[in-house]
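Asks: Got a structure for you, written out below as structure tokens; questions coming shortly.
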Amino acid sequence: MDLPKIRLRIARIGCTASCGSPLPRFCLFKESIISKQPSTQSLIVGAGLAGCSIAWRLQEAGQPFRLIGSSQLPSAVEAAAGIINPVTGRWMTKSWRFDTLATEAARFYRSLEKRFSVNVFHPIAATRFCLNAEDAKRAGRRSRNPRYAGVLGDFAEPSGHLGPFRNAHGCLHIHGAAYVDLPQVVDILRHYFSSLGRFEDAVFDYEGLKPHGSGWTYGGEHFDRVIFCEGAALRANPWFGDLPLTPAKGETLLCRSETFPAPDGLVHHGKWLLPYPDGSFRIGATYDEQDLRPEPTGEARVELREAFAQMTASPQALEVLQQPVGIRPSTRDAKPLLGRHPEVPGLFVFNGLGAKGASLAPTLSREMHAFLFHAGALHPETDIQRLFPCA
Ligand SMILES: Cc1cc2nc3c(=O)[nH]c(=O)nc-3n(C[C@H](O)[C@H](O)[C@H](O)COP(=O)(O)OP(=O)(O)OC[C@H]3O[C@@H](n4cnc5c(N)ncnc54)[C@H](O)[C@@H]3O)c2cc1C
């Protein structure tokens, strides 16, 4: 790719240098001479959860920025249920850095609630049903493990059914779960930044970003740094597009039922079911790394309907109201992608929030802000530096 003042060639190769790392490494060959021209302005590209949360950190610190994102392009946050769950996955493991992330997430969303007089953060009781005998053994082990104290209640024996749910193998109560109305979070922040003249609802044109002095220009403005937050669209980014993102499409069903008494809390029973105060509930989510078209599919609808039939003890009516779909910015090592470009000054990335943006964004936006402005170190498992150990 040729840009007027800086020529980049990005090649993805195995790291053959002394560290012998199996991870791919980015080699960038640049031809540029950049003169010094100080500026403090930041440009943030992508106004989803990552972009809005880092913009909020700058706003809180009184630092100027411009946020560009398109409401017309696909966005994971529009489909997200916003669940924060301490114990996830097939192996029922405690989520990475959960205690830190959950505490900071509660503080972050509560502060937005106060500032904008909204209600976006909802702590919720949660129950995880075991699917088979092996699952039940694991649940018993976890509930006795001190590391899980505080997030897991006692194991409840099988009882045929528990309320409307099948309970053939027992279940566990989970403490510390919540859900966040992420589309509303992003919506209020975009509106707020727009009212300050800082948010532009537009598609970002990579060709329009030019190196200039010690920074970059875009749309006639000079920026000291550019922070890319495009979610799964990162793959189109000329500078960071080769980072190991493994996007995964997800679909959910927003439903209503005249026969099914929606539970008081979140239920995990193969898939999850999240009840809303108006009596509707959401079932999710599918996971597909092959079909990355941002359109809902008949296959996903069938899969989720079948999952609902499997979790209930008796047949229930189901009316589908909506089928939200999005592409999660997941990563190969299931860890976020944060940091500075290894070769090109002034370019940064804040991505890879995967399926856990609700819990990750508050802490990681704070850590990214400290990294950008106070020489703070990123958590080593989030820093993209881990991908080029020889650099
Ligand atoms: C079905 C589904 C269910 C989910 N459920 C949960 C859940 O329960 N809990 C949870 O924590 N997380 C959940 N997630 C994950 C969550 O949505 C993501 O972690 C989060 O949205 C990632 O934020 P992001 O800002 O990186 O990406 P996104 O939310 O996708 O935002 C990126 C933004 O950048 C914009 N953009 C990209 N390129 C450009 C460009 N060139 N110009 C302008 N704008 C651009 C996009 O349009 C988008 O608005 C779910 C995701 C899906 C798909």
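Asks: Could you work out how far helix 98-116 tilts from the main Cα principal axis of the chain, as a 0 to 90 degree angle to the nearest 10?
Replies: The angle comes out near 80 degrees.
Asks: In terms of the Cα gyration tensor, with a ≥ b ≥ c the square roots of its eigenvalues, is segment 192-236 rounded because a/c is under 1.5, prolate because a/b exceeds b/c, or oblate? Before the final figure, lay out the partial values.
Replies: Details: a/c = 1.88, a/b = 1.09, b/c = 1.71.
Judged from the Cα gyration tensor, segment 192-236 comes out oblate (a/c at least 1.5, b/c at or above a/b).
Asks: Roughly how big is the chain's charge dipole about its Cα centre, with Cβ charges of +1 (Lys, Arg) and -1 (Asp, Glu), in debye to the nearest 20? Intermediate values should be presented prior to the final figure.
Replies: Values: 43 positive and 38 negative charges, 227 e Å.
Using Cβ point charges on Lys, Arg, Asp and Glu, the chain gives about 1100 debye.
Asks: Only Cα pairs within less than 10 Å get springs; with that Gaussian network setup on the chain, which residue of 44, 188, 174 has the largest fluctuation?
Replies: The residue that fluctuates most here is 188.
Asks: Given springs between every Cα pair under 10 Å in a Gaussian network model of the chain, which of 141, 110, 328 has the largest fluctuation?
Replies: So, out of 141, 110, 328, the one fluctuating most is 141.
Asks: Now for a separate question. By count of other Cβ within 10 Å, fewest leading, how are 43, 101 ordered?
Replies: Working: 43 24, 101 21.
Starting with the residue having the fewest Cβ neighbours, the order is 101, 43.
Asks: Follow-up question, since we're still on this one. Using Cβ counts within 10 Å as a stand-in for footprinting exposure, how do 379, 374, 369 rank, fewest first?
Replies: Values: 379 16, 374 8, 369 21.
Arranged by neighbour count, lowest to highest, 379, 374, 369 become 374, 379, 369.
Asks: Sticking with this one: Is it possible to state the helix-based mean residue ellipticity at 222 nm for the chain, with each DSSP H run of 4+ residues giving -39500 (n - 2.57), the sum divided by total residues, to the nearest 500 deg cm²/dmol? What is it? All intermediate terms of the calculation are to be shown ahead of the outcome.
Replies: Numbers: 6 runs with 88 residues, N = 391.
Rounded to the nearest 500, the figure is -7500 deg cm²/dmol.
Asks: Ranked by Cβ crowding within 10 angstrom, fewest neighbours first, how are 120, 267 ordered?
Replies: Least crowded to most crowded, the residues run 120, 267.
Asks: Now for a separate question. Which residue fluctuates the most in the chain, going by a Gaussian network model with Cα springs under 10 Å, if the choices are 317, 139, 76?
Replies: Its mean-square fluctuation being the largest, the pick is 317.
Asks: Let me ask something else about it. As I understand it, the dipole of segment 272-390 uses +1 on the Cβ of Lys and Arg and -1 on the Cβ of Asp and Glu, about the Cα centre. Which of 385, 302, 280 lies farthest toward its positive end?
Replies: 385
Asks: Helix 357-373 sits at what angle to the longest principal axis of the chain, using alpha carbons and giving 0 to 90 degrees rounded to 10?
Replies: 20
Asks: Related question: Put +1 on the Cβ of each Lys and Arg and -1 on the Cβ of each Asp and Glu in segment 164-243; which of 215, 178, 243 then has its Cα farthest toward the positive end of the dipole?
Replies: Selected residue: 178.
Asks: Sorted by packing (mean other beta-carbon atoms within 10 Å per residue), highest first, where do 304-310, 270-276 land?
Replies: Details: 304-310: 16.7, 270-276: 19.4.
The most tightly packed comes first, giving 270-276, 304-310.
Asks: Of all DSSP beta bridges in the chain, what percent run antiparallel (nearest 5)?
Replies: Numbers: 56 of 74 bridges.
Taking every DSSP beta bridge within the chain, about 75 percent pair in antiparallel fashion.
Asks: Let me know the charge dipole size of segment 73-230 about its Cα centre in debye, to the nearest 20, where only the beta-carbon of Lys, Arg (+1) and Asp, Glu (-1) is charged.
Replies: Numbers: 19 positive and 17 negative charges, 204 e Å.
With only Lys, Arg, Asp and Glu charged at Cβ, the dipole is about 980 debye.
Asks: Would you mind working out the magnitude of the charge dipole of segment 104-178 relative to its Cα centre, with +1 at each Lys and Arg C-beta and -1 at each Asp and Glu C-beta, to the nearest 20 Debye? List each step's numbers first, then the result.
Replies: Working: 12 positive and 6 negative charges, 53 e Å.
Charge dipole, segment 104-178, about its Cα centre: 260 debye, nearest 20.
Asks: Looking at this model, which pairs from 94/271; 137/356; 249/335; 271/356 are more than 21 angstrom apart at the alpha-carbon? Walk me through the numbers on the way to the answer.
Replies: Values: 94/271 17 Å; 137/356 27 Å; 249/335 17 Å; 271/356 16 Å.
From the list (94/271; 137/356; 249/335; 271/356), the Cα-Cα distance tops 21 Å for 137/356.
A short reminder: the numbers here are calculations on the coordinates, not readings from a lab. These numbers were taken from a predicted model, which means no experiment stands behind them. Cβ: placed from backbone, ideal geometry, glycine included. Neighbour counts: every protein chain shown.
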